[in-house]
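The values are calculated or read from the model by the stated rules, or taken from the named source; none is laboratory data. This is a predicted model, so every value here is computed, not measured. Cβ coordinates were reconstructed from backbone atoms using ideal geometry, including for glycine residues, and neighbour counts include every protein chain displayed.
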Amino acid sequence: MYRALKTTMLASLAAAAIATGVYGQTKYPEKPVSIIVTFAPGGTTDSTTRVFAEELTKRNGQQFLVENLPGANGSVGTAKASTAKADGYQLVVGSPNTLIQNPYLYGDTGYTLESFTPVARLAVMDFIVVTRPALGIKTLQDLIQYSKDNPGKLNFGSAGIGNTAHQAGELFKLRTGADITHIPYQGGALATAALLAGEVDVLFNTATEVLPYIKSGDAVPLAVMSPERIPFLPDVPTIAEEGIKDANVAAWNGLFAPAGTPSEVVDFLNGEVSEILKDETVQKRLFDLGLRPTNPSAAELAEELEGEKPIMIELIDLTGGPQK
């Protein structure tokens, strides 16, 4: 009788585990999931998120809905997400800029990096050093030497004071001693247009912005500011291969959940993103946007973010410091 009772109890427990998930967690997702995009529709962050929201919906039979909440360089939507219930049904697309830079720059944004649990990286926006063809410069070392031989002659454009493209240029100058003057514009597209018009000589900009002009021959790529070469520009060396150390810059977007979200949910979503990134159609969609798909584990992503903090703070200090 004891054996029969024990068998019955074990069977009941097994059935309950199947119905509710391991450790009593309800199967996830059981209802629609909201993903906050902290910038307006139509931009790279929005386009990237919609690729993954579409695929997550297909794979899970629940809607993953994109909610655009722009404002304050991404702080408005990020602050809202930080107050959501930590159950995985309210996510936000964040980056080192929104999670590290904004609180350091502006003070009370309503959140800090510690307000969130990193879930998965969606894609990397690699930065590329490009020049206008009329300069006749073909290598990064030639650019550095030309700037030193012609002080005050070269300039570089960016999307504005303090943005990542500005920071990338200042970091490059710091590491190389290059003499290049910064000229800010009201957005990356305008800075790129200035290069095409011959108003500026150099850009430190994302592949998303400059790849079409590299392909058309209107911009000359000298190096990528990434640890490794990027697949859609395999012949362009990394900045380290050109002899410049500690000058990597990249912008990336990832999924974040409020701190305290169950590890089972985080690991599930990370695994889903990794599976989605194996799809060749998804890879092509991201490549066409000038993005490099790569997703470490959630734990590795958290460690990477911690490592980025001192570098990002150095970059901010180089380009004006906190605005608190």
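Would a scan of segment 134-146 turn up a residue that is touching a Lys or Arg at 6+ places or on another chain (Cβ under 9 Å) and over 30 Å from A257 (Cα atoms)? Yes, some residue in segment 134-146 is touching a Lys or Arg at 6+ places or on another chain (Cβ under 9 Å) and over 30 Å from A257 (Cα atoms). Every test in (1) closer than 22 Å to S297 by Cβ; (2) among the aliphatic types (A, V, I, L, M); (3) surrounded by fewer than 17 Cβ atoms within 10 Å (Cβ to Cβ) is passed by L65 save one, and that test is (1).
Filtering segment 280-288 for residues that are under 14 Å from the mean Cα position of the chain (by Cα) and either modelled with pLDDT under 95 or in the same structural domain as T44 (by TED's automatic domain parsing) (or both) leaves a non-empty set. The set of residues in segment 262-310 that are surrounded by fewer than 17 Cβ atoms within 10 Å (Cβ to Cβ), part of a helix (DSSP H, G or I) and among the basic types (K, R) comprises K284, K309.
Against the test of being more than 18 Å from the chain's Cα centre (by Cα) and outside any loop (DSSP other than H, G, I, E, B), the options K80, K85 yield a single qualifying residue, K80.
If only residues of segment 27-62 that are of a type in the set (S, T, Y), in contact with a helix residue (DSSP H, G or I) (Cβ under 6 Å, 6 or more places away or on another chain) and closer than 30 Å to N163 by Cα are counted, the one that is surrounded by the most Cβ atoms within 10 Å (Cβ to Cβ) is T38.
Residues that are over 23 Å from the mean Cα position of the chain (by Cα) and over 15 Å from T139 (Cα atoms) are absent from segment 220-242.
Taking the criterion of being farther than 30 Å from S34 by Cβ, in contact with a strand residue (DSSP E or B) (Cβ under 8 Å, 6 or more places away or on another chain) and surrounded by fewer than 19 Cβ atoms within 10 Å (Cβ to Cβ), the residues of segment 239-261 that qualify are E241, E242. Looking at segment 128-219, the helices (runs of 4 or more DSSP H) lying wholly inside it that each contain 3 or more residues that are under 27 Å from G42 (Cβ atoms) sit at 164-176, 188-196, 207-216. Pairs linking a residue in segment 203-214 that is surrounded by fewer than 24 Cβ atoms within 10 Å (Cβ to Cβ) to a residue that is polar (S, T, N, Q) and assigned to a helix (DSSP H, G or I), with Cβ atoms under 9 Å and 6 or more positions apart or on different chains, are T208/T44; Y213/T192.
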